[in-house]
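The values are calculated or read from the model by the stated rules, or taken from the named source; none is laboratory data. Keep in mind the model is a prediction, meaning the values are calculated, not measured. Neighbour counts are summed over all protein chains in view; Cβ atoms, including those assigned to glycine, are modelled from backbone coordinates with ideal geometry.
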């Protein structure tokens, strides 16, 4: 639910920024607010985790990592890659 509502907010911010120069300036002003930046970062973090976990499931559909050991390794890799990409996104936003 959080990702669904968050994507709606991100799409609205994107549409607003493309609507006019004033819209772009408004979005830039809103993104200077720490709370808005944290919300955007949280939504992107959820999307990144969802994307990386989905890639893991696609790899498992190919027959790779279907054992208990492989699933545990895959879960650890998902967490590791998610943390790396979420931190990099936070650095990019700030």
Selection count where residues are surrounded by 15 or more Cβ atoms within 10 Å (Cβ to Cβ) and within 16 Å of residue 86 (Cα to Cα), scope the range 13-38: 1
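Out of the residues in the range 1-12 that are free of Cβ contacts under 8 Å to residues at least 40 places away in the same chain and closer than 18 Å to residue 89 by Cα, state the one that is surrounded by the most Cβ atoms within 10 Å (Cβ to Cβ).
In the first step, residues of the range 1-12 are kept if they are free of Cβ contacts under 8 Å to residues at least 40 places away in the same chain; the result is 1, 4-5, 8-12.
Still in the running and closer than 18 Å to residue 89 by Cα: 9-11.
Working: 9: 13, 10: 16, 11: 10.
Among those residues, the one meeting the criterion is 10.
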Tabulated pairs, the range 80-91, first over 19 Å from residue 37 (Cβ atoms), second surrounded by 14 or more Cβ atoms within 10 Å (Cβ to Cβ) and at pLDDT 95 or above, C-beta under 7 angstrom, 6+ apart or interchain: 81/52; 82/48; 82/49; 82/52
